[in-house]
Amino acid sequence: NRSGKLAASLSVLRDSGIDVRALTIADTPDFGILRLLVDDAAKAEQVLVDNNFIVQSTDVVVVAVPDEKGGLAALLEPMAEAGVNIEYMYSLISRGVADAYMVFRVTDNAAFLALLAEKGLKHVGPAELGLK
């Protein structure tokens, strides 16, 4: 959580040819948390570690949410009913698609993916996002 730290992290990724597809920032008085979705997670992790950044990788699920009024609520309601707990979520901007993409970190990916299939909602895979 220091001035210039975000620019430094994104600069080393850029200089290594890594494409940042989505990001979100959270902060505390003592540290900041930068969450990234990148085209090559393994390479990004290594580059950041090599440049003295603290890194932790987590699995997330990207969902295509109908880009209409109430589209996200229509997903969150069955998640709540099924007891799928959201640790965090953020949006991903993608050009040329009709749906909005949301990135979810949930406590149980398998249950979440099963719920998506049951409700006819689309899980967006890495290939569709240009990720490795």
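The values are calculated or read from the model by the stated rules, or taken from the named source; none is laboratory data. Predicted model only: the values in this text are computed from it and were never measured. Neighbour counts run over all protein chains shown; Cβ positions are idealised from the backbone, glycine included. Quick note on the areas: whole protein, heavy atoms, side chains included, nothing else; ligands and nucleic acids left out. Shrake-Rupley method; radii C 1.70, N 1.55, O 1.52, S 1.80 Å.
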Give me the residue from region 97-106 that is of a type in the set (A, V, I, L, M, F, W, C) and open to solvent by 30 Å² or more (accessible area, probe 1.4 Å) and, out of that set, modelled with the highest pLDDT. A100
Reported set for region 59-90 where residues are closer than 26 Å to D39 by Cα, among the acidic types (D, E) and either open to solvent by less than 80 Å² (accessible area, probe 1.4 Å) or out of contact with any helix residue (DSSP H, G or I) (no Cβ under 7 Å at 6 or more places or on another chain) (or both) is D67, E87
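Kindly indicate whether L131 is over 27 Å from G17 (Cα atoms) and among the aliphatic types (A, V, I, L, M).
Details: over 27 Å from G17 (Cα atoms): no; among the aliphatic types (A, V, I, L, M): yes.
Judged against the criteria, L131 is not a match.
Please work out if A42 is touching a strand residue (DSSP E or B) at 6+ places or on another chain (Cβ under 8 Å), among the hydrophobic types (A, V, I, L, M, F, W, C) and touching a residue at least 60 places away in the same chain (Cβ under 8 Å).
Details: touching a strand residue (DSSP E or B) at 6+ places or on another chain (Cβ under 8 Å): no; among the hydrophobic types (A, V, I, L, M, F, W, C): yes; touching a residue at least 60 places away in the same chain (Cβ under 8 Å): yes.
Answer is no for this residue.
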Looking at E118, is it in a strand (DSSP E or B), open to solvent by 50 Å² or more (accessible area, probe 1.4 Å) and among the charged types (D, E, K, R)? no
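Matching residues to (1) without any contact (Cβ under 8 Å) to a residue 40 or more places away in the chain; (2) loosely packed, with under 14 Cβ neighbours inside 10 Å:
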position	(1), (2)
P29	yes, yes
L36	yes, no
L92	no, no
R95	yes, yes
D108	yes, yes
